[in-house]
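Here is the structure we will look at, set down as structure tokens.
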Amino acid sequence: MLDNIIAEKGSLLMNLQCPECGTLYDASVVNTVCTNETCRSTLFAKYYLNKHISKSILQGRPATMWRYKEFLPVADDKNIVTLGEGFTPIIPVENLKRFAEGNEVFWKDESGNPTGSFKARGISSAVSKAKELGIEAIATPTAGNAGGALAAYAARAGIKAIVYMPKQTPQVFKDECRLYGADLVEIDGNISDCGRLVNEQALLNNWFQVSTLKEPYRLEGKKTMGYEIAEQFNWQLPDVIFYPTGGGTGLIGIWKAFDEMEQMGWIDSKRPRMVAVQSESCNGIVTAFHDHKEVSEFADGGFTIANGLRVPKPYADKVILRVLRESNGNAITISDEEMSIALKEIALNEGMLIAPEGASLWQAYKKLKATNWVKPGEKVLLINTGSGYKYLENIDI
């Protein structure tokens, strides 16, 4: 009976809460980050969760991320803006098993999402909630994939999209933004430079910003990867999850999903060890993790073939580092040369043309296995965040 009531109610969203100071915010109005000047943290959506909510509510639902609509922020289903994102496949490593000997290794392949990356998840959630809140113009800085996703979902929603992108970004990312009708502004600099300009212009033009973790709802879309991982592994989580870490939204979101499912009794308290993988170009999280610091320093070594990893200082660095430590995880850097080698190795042997960000995980796995940090018998999941087709301009074939 309770399951029927839940299904009729839709979202179980109660409010938003700052994880640092605990302040609660009304989710029925527009919010960005915590307004406490000493905090300014990302806000987390809080839901009405208890152990009377059964996994049976998922039976017969479409294989998209909106199958978990109770734990997503949109109150009225008519405001959901979807292009079929989510429920991406789990694919075992087959022809490269010689490197995985002693472990079961899987890819969760996000390349089949709309616009070719996992960004579709967060943008679907954020644009849906923006539509529900009556927002008419949305702006974002991007390293590539988020801009294309915002342009597509904003077009679907009838909302104006403004995208700020570094000039060094491959042309395909620029072309897709323009084809979807977004206003594209190219910037000499990195994504942090784009972010500063977006912030200035948003204040002048009354645009709503969906910069990574500077609003509450992209995180909610990304967390559905965590729900899917649990469901696809029959509610038994892998031992280790490798995640390419630029802004870190997905890593934080997956961890949030695990907490929510435990509250409902869908999984137990066992957690994977989370591994953040960064480019040598922007390795602030890796340095802070190994130096036992609570926050990262600004780090930008310039161009990397993995656009999405060129994030000099993630806004939620403190939360990323907390997740790594809570999970007894790790952090590792990979060079562009290593990414390129891995990308080609995976394409040649597995028939998957994955993004350089995803390819970095394969090298990270092999390195941590060689040091016995990844132990024999452990089940390992690598999350490929996007399609390699969009990066061909960056790859020396």
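The values are calculated or read from the model by the stated rules, or taken from the named source; none is laboratory data. What you see is a predicted model, and the numbers here were worked out from it, not measured in a lab. Reconstructed Cβ throughout: ideal geometry from the backbone, glycine too, with neighbour counts over all protein chains shown. All accessible areas refer to the heavy atoms of the entire protein, side chains included, with ligands and DNA or RNA removed. Shrake-Rupley method; radii C 1.70, N 1.55, O 1.52, S 1.80 Å.
The helix-only estimate of mean residue ellipticity at 222 nm for the chain, built from DSSP H runs of length n ≥ 4 each weighted as -39500 (n - 2.57), is -11000 deg cm²/dmol after division by the residue total. Only lysines eight or more places from LYS366 in sequence, or on another chain, were considered; those with a Cα closer than 22 Å are LYS97, LYS108, LYS344, LYS375, LYS379.
Along the charge dipole of the chain, which of ALA151, PRO89, LEU204 sits closest to the positive end, that is, farthest toward it, with unit charges on the beta carbon of Lys, Arg, Asp and Glu (+1, +1, -1, -1)? Sorting the options by dipole projection puts first PRO89. Between ARG273 and VAL240, ILE241, the built amide H atoms are under 5 Å apart, and every one of these is 5 or more places off in sequence or on another chain. Of interest is the spacing of the C-alpha centroids, which for region 11-48 and region 54-71 amounts to 25 Å. Simple point charges give the picture: +1 on the Cβ of Lys and Arg, -1 on the Cβ of Asp and Glu, and for region 153-217 a dipole about the Cα centre of about 160 debye. DSSP beta bridges fully contained in the chain are about 30 percent antiparallel. Between THR287 and LEU133, the simple spin-label model (points 7 angstrom out along Cα→Cβ) gives 3.4 nm.
Relative protection proxy for 377-388, 174-185, from highest mean packing down: 377-388, 174-185 (other beta-carbon atoms within 10 angstrom).
With the full set of protein chains in place, find how many percent of the accessible area of region 38-82 is carbon and sulfur; take the probe as 1.4 Å. On region 38-82, the fraction of accessible area on carbon and sulfur atoms equals 49 percent. Figure legend: label point modelled 7 angstrom from the Cα of ASP183 along Cα→Cβ; residues of region 129-145 with amide N under 13 Å from it are 136-140. Of the peptides 39-49, 118-128, the order by per-residue mean of other Cβ atoms within 10 Å, starting with the highest, comes out as 118-128, 39-49. Across region 279-397, the relative contact order, built from alpha-carbon pairs under 8 Å that are at least six residues apart, equals 23 percent.
The phi torsions of region 144-154, fed into the Karplus equation with coefficients 6.51, -1.76 and 1.60 and a -60° offset, translate into couplings of x, 5, 5, x, x, 5, 4, 4, 5, 6, 5 Hz, rounded to whole numbers, with Gly and Pro shown as x. Annotation: amide H-H contacts under 5 Å for SER279 (H modelled 1.01 Å from N, sequence separation of 5 or more, or interchain): ILE334. Highest mean packing first, where packing is the average number of other Cβ atoms within 10 Å per residue, the peptides 68-78, 25-35 line up as 68-78, 25-35. Rolling a 1.4 Å probe over the protein heavy atoms of region 114-242, with every protein chain left in place, gives an accessible area that is 44 percent carbon and sulfur.
Surface composition of region 277-397: carbon plus sulfur atoms contribute 53% of the solvent-accessible area (1.4 Å probe, protein chains only, all chains present).
Solvent exposure of the chain amounts to 39 Å² per residue of accessible area, where only protein heavy atoms count and the probe is 1.4 Å.
Structural descriptor for region 1-118: relative contact order 23 percent, calculated from alpha carbon pairs under 8 angstrom and at least 6 residues apart. Residues whose amide H lies under 5 Å from that of LYS313, counting only those 5 or more places away or on a different chain, are ALA299; hydrogens are built 1.01 Å from N in the peptide plane.
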